[in-house]
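Every read-out reported here was derived from the displayed coordinates using simple, explicitly stated rules and does not represent laboratory data. Keep in mind that what you see is a predicted model, and the values were worked out from it rather than measured. Neighbour counts are summed over all protein chains in view; Cβ atoms, including those assigned to glycine, are modelled from backbone coordinates with ideal geometry.
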Amino acid sequence: MKRVLIIGGGAAGLLAAGFAAKGGAQVTLLERNARPARKLMITGKGRCNVTNQADLQTLIAAVPTNGRFLYSAFSAFTPEDIRALLLKEGVETKVERGNRVFPVSDKAVDVVDALVRFAKKSGVRFETARVTDLLIEEDRCCGVMTEDGRRFSADAVAVCTGGLSYPATGSTGDGYRLAEQAGHTLTERRPSLVSLITREYDAVSMQGLSLKNVRLRAIDGQTGKTIYDEQGEMLFTHYGVSGPLVLSASAWMRDMTPGRYRLQIDLKPALSEQQLDERLLRELSAHHAASITTVLATLLPRSMVPVMAARCGFSPEMTAASVTREQRRMLLTRLKEFCLTVEGFRPVEEAVITAGGVNVKEVDAKTMGSKRLRGLYFAGEVLDVDAYTGGFNLQIAWSTGAATGRAMAQNDIV
């Protein structure tokens, strides 16, 4: 019976362990935390966006870096497969807006418990330990050493340690160090699905303001192209902006330099420019004797009123009746294109996922086995594959984890 070690008890690790054990291997999962899948517990705001009910081409298109590398893994373990696995373990799922899949209970803990049950029922043994080194003999990975000095021997080892995001959950980059020890090259690690720092000082004055049903466009200043354009929710912070729209937009910003990217917020996406102009005329007429800030308060959240007035050059004593046609047009433009300049990402530790990692050219796309060292495998976020928000990143973890586990249980270890 083959002895298999899985390093990391997150989404990819639990799938890899379960499938390896189901395939007949003797599997030990080494997890540094007392409880597995701590990061999974906080995904989807504690609801766990399990996957996206998308077809193969949509899944690949949602992975901007090395999407084609995942063709085999996505084909062999699909969104339907993870939903079926969870259902077999007692967790029913549902499809929401954007084909996002969540547990019917809306509780991430149910997903975690189901995956742990799957692994244990398959025969996986759990050990609490932090792996510090791979054991390598004659160009083969034959086990690991742990922080407390223990030695675990194995016929195959899988690195499923995640990235650098949310280090409090155990994602501290251990897998990258292990990959380098095995001779793998790493692509630059950077934050993805992360909040953005903006240049404009007035954004800070709106700290805590949440905007709903707005449209956000992200524009690459170098090419002039719109790289992201969606409607939803966002939030102003003490450093810039955050929220679902912003996190999604950040994944499209692949080469961050201060000032390169510009955000345009359409505060009234339900209205065309003509419809909005007609509304402005009505509001200005109805409040002709009042201050312009009174009119702005009918259109905007309170904390945004002084910001908009300043951006349009309206003085506090200006009345609605004194607003010129040119000033009205300026207001119209600001309402449809409230602009912010992106200075940079927030730290990778705050990102939902880490982009970059183990160079996939050095990994077999079908088995997730290392091309540099026999007996070594990789799955999940440690690889240089990352996707947009909406359940796609977890599907990467499920699919690469399943591929890894199945391959490790085969007769011929890579």
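Only one residue of Ala309, Thr237, Tyr261 has its Cα farthest out toward the positive end of the dipole of the range 195-345, where Lys and Arg carry +1 and Asp and Glu -1 on Cβ, and that residue is Ala309.
Would you work out the relative contact order for the chain, in percent, from Cα pairs under 8 angstrom that are 6 or more residues apart? Working shown, then result.
Numbers: 961 pairs, mean separation 105.9, N = 414.
Computed over the chain, the figure is 26 percent.
Electrostatic bookkeeping for Gln327 treats Lys and Arg as +1 and Asp and Glu as -1; over the other residues with beta carbon under 13 Å from its beta carbon, the sum is +3. Checked against a 23 Å cut-off, the cross-linked pairs Lys22/Lys94; Lys2/Lys120; Lys45/Lys361; Lys94/Lys268; Lys2/Lys22; Lys94/Lys336 give Cα-Cα distances beyond that limit for Lys22/Lys94; Lys45/Lys361; Lys94/Lys268; Lys94/Lys336. Residues within the reach of a label modelled at Trp252 (point 7 angstrom out along Cα to beta-carbon, backbone nitrogen below 16 Å), restricted to the range 203-228, are 214-228. Note on the chain: helix-only mean residue ellipticity at 222 nm, from DSSP H runs of 4+ residues weighted -39500 (n - 2.57) and normalised by residue number, equals -8500 deg cm²/dmol.
How would you rank 175-187, 93-105, highest first, on the average number of other Cβ atoms within 10 Å across their residues?
Values: 175-187: 18.8, 93-105: 16.2.
Those peptides, ordered most packed to least, come out 175-187, 93-105.
Projecting the Cα atoms of Pro347, Leu335, Ala25 onto the charge dipole of the chain (Cβ charges, centred on the Cα centre) puts Ala25 farthest toward the positive pole.
Around the amide H of Leu135, modelled in the peptide plane, lie the amide H atoms of Cys142, Gly143, Val144, Met145, all under 5 Å away and 5 or more residues distant in sequence or on another chain. Here the range 113-169 is assigned +1 on the Cβ of each Lys and Arg and -1 on the Cβ of each Asp and Glu. Its dipole about the Cα centre then comes out at about 400 debye. Counting only alpha carbon atoms, the long axis of helix 11-22 and the longest principal axis of the chain meet at about 30°. Each Cα pair under 8 Å and six or more residues apart adds its sequence gap; the mean of these over the residue count of the range 195-345 is a relative contact order of 31 percent.
The label point for Gln274 and the one for Asn33, both projected 7 Å from the Cα toward the Cβ, are 5.5 nm apart. A simple count of charges around Leu235, restricted to other residues whose Cβ falls under 14 Å of its Cβ and scoring Lys, Arg +1 and Asp, Glu -1, yields +1. Under the convention that each Lys and Arg Cβ holds +1 and each Asp and Glu Cβ holds -1, the size of the dipole of the range 195-345 around its Cα centre is about 100 debye.
Projecting the Cα positions of Thr185, Ser272, Met206 onto the charge dipole of the range 168-283 (unit charges on Cβ atoms of Lys, Arg, Asp and Glu, taken about the Cα centre) puts Thr185 furthest along the positive direction. Of the peptides 189-197, 380-388, the ranking by mean beta-carbon count within 10 Å, highest at the top, reads 380-388, 189-197. A value for mean projected area of the Cα convex hull in nm² was derived from the coordinates, and within the list (i) 24.8; (ii) 21.2; (iii) 33.4 it appears as (ii). Spread over its residues, the convex hull of the C-alpha atoms of the range 195-345 is 102 Å³ per residue.
Projected label points at Gln57 and Glu350, each 7 Å from Cα along the beta carbon direction, are separated by 3.9 nanometres.
Averaged over residues, the count of other Cβ atoms within 10 Å places the peptides 319-326, 111-118 in the sequence 111-118, 319-326, highest first.
Taking every DSSP beta bridge that has both ends in the chain, the antiparallel portion is near 70%.
Shown in residue order for the range 211-222 are the 3J(HN,Hα) couplings computed by the Karplus curve 6.51 cos²θ - 1.76 cosθ + 1.60 at θ = phi - 60°: 10, 10, 6, 10, 10, 10, 10, 10, 10, 7, x, 6 Hz (x for Gly and Pro).
When +1 charges are put on Lys and Arg Cβ atoms and -1 charges on Asp and Glu Cβ atoms, the dipole computed for the range 1-137 relative to its Cα centre reaches about 260 debye. Across the range 299-319, the residues whose backbone nitrogen lies under 19 Å from the label position 7 Å along the beta-carbon direction of Gln207 are 302-308.
Projected label points at Ser322 and Arg117, each 7 Å from Cα along the beta carbon direction, are separated by 7.0 nanometres.
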